[in-house]
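Laboratory data are not the source of any read-out in this text; all were calculated from the coordinates shown. Everything quoted here is computed from the prediction, not taken from an experiment. Please note: Cβ atoms are built from the backbone with ideal geometry, for glycine as well, and neighbour counts cover all protein chains shown.
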Amino acid sequence: MLGLKFETETSWVEIAKDNLEQILTDHAFAEQKASANAISITINYSEETEMVKEMLNIAIEELEHFQMVHKLMIKRGFVLGQAQKNDYASKLQQFFPKTKDRNEALIQRLLVAALIEARSCERFKVFSDNLEDPELSAFYKELMISEANHYTTFLGFAREYQDPKIVNEKWDSLLNYEAQMMKNRGNQAKVHG
């Protein structure tokens, strides 16, 4: 699915279902971080008008997702609480060497963002398909579609700002790296845990 090279096992769903407040809390903060990332791209690459327009749309949508998750938590009697460390994104960012080349830095950010969205999409699908809770199942199915759109947007811009053949090679290498990383995950009630 989505070119990912490691599929989430349904055992992760059982962990997430048994720790619903935790998975929803982690999800809420993941949506905040996704919104902040899109805003950061608009700040750092403000001259790229078409990309800025799309990043603003994503930022707003991700913030709306945060609000939706928060409302769902309140409805179920959960409290959001403090943000918790999630090393998934930082480990992905470590894949690429640091660069002072502004365009290369953008490509790296776009590819990491695309992969985070793709993995979120995949996890939401697995969660939705394996929940007995109709409300949560429908909720995560709806979000899955949105995450897939974000994934294609980030990947599309990467291919626009650099030779698509080079981007595809980087993307494939990043997917392989992430697949190895994911083999040791799936044991926490976190979206990428």
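Quick notes on this structure:
- Reported count of residues in the range 89-135, each being β-branched (V, I, T) and in a loop (DSSP other than H, G, I, E, B), is 1.
- Residue check, A36 assigned to a helix (DSSP H, G or I), buried (at least 20 other Cβ atoms within 10 Å of the Cβ) and of a type outside the set (S, T, Y): no
- For E160, the test of being farther than 17 Å from G3 by Cα and either surrounded by 13 or more Cβ atoms within 10 Å (Cβ to Cβ) or of a type in the set (F, W, Y) (or both) is passed.
- Among the residues making up the range 137-157, those that are aliphatic (A, V, I, L, M) and surrounded by 19 or more Cβ atoms within 10 Å (Cβ to Cβ) are L143, M144, A148, L155.
- Selected residue (criterion: farthest from Q162 (Cα to Cα)) from residues of the range 75-101 that are free of Cβ contacts under 8 Å to residues at least 40 places away in the same chain and among the charged types (D, E, K, R): K75
- Considering residues of the range 163-174 that are in a helix (DSSP H, G or I) and out of contact with any helix residue (DSSP H, G or I) (no Cβ under 7 Å at 6 or more places or on another chain) only, the residue surrounded by the fewest Cβ atoms within 10 Å (Cβ to Cβ): K165
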